[in-house]
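First up is the structure itself, then whatever we jot down about it.
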Amino acid sequence: MLNNLEDPVQTPAQALKNALILAITAKTDERSKECVEMAKGFAHACSDETVDRIKKEIEEMISRSRFKECEDCAGVGWVETEYARPQGFDRDIGCLDTRRVDCETCHGNGEVEIEDE
């Protein structure tokens, strides 16, 4: 989440966004509270619409950070699986063929939720 920090900061909106990200990722409650106080100050310099937009951006970042790329399908949402094609009137011998199916691990989303440790 820290890779979303704005650098250099040129507007109160960018400062607000950075302060909120730092408040969320702070290692201690004390640091987090300091960042929240800074964010409150920056929010006073922004319009209500800007504050709401930044809150939504932060919420999206948080929801994205709860997921990681599925290792089974490499994030594409499908895997190739083999299936048997039996002998028939149009085929003199049976053979194995492949087809794409939704990944069972991520259910075709390409992402899996990060489990709390």
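Quick note: the coordinates plus some simple rules give every number you see, no bench work behind them. Being a predicted model, the structure only gives us computed values, none of them experimental. FYI the Cβ positions are ideal-geometry reconstructions off the backbone, even for glycines, and counts take in every protein chain you see.
Key figures
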item	result
Extreme residue, farthest from the chain's Cα centre (by Cα), among residues of the stretch 102-117 that are surrounded by 11 or more Cβ atoms within 10 Å (Cβ to Cβ) and not in a loop (DSSP other than H, G, I, E, B)	ASP102
Identity of the residue in the stretch 84-94, surrounded by 10 or more Cβ atoms within 10 Å (Cβ to Cβ) and not basic (Lys, Arg), that ends up nearest to GLU69 (Cα to Cα)	GLY94
Listing of helices (runs of 4 or more DSSP H) fully contained in the stretch 1-101 that carry 3 or more residues being without any contact (Cβ under 8 Å) to a residue 60 or more places away in the chain, touching a Phe, Trp or Tyr at 6+ places or on another chain (Cβ under 9 Å) and over 21 Å from GLU115 (Cα atoms)	12-25
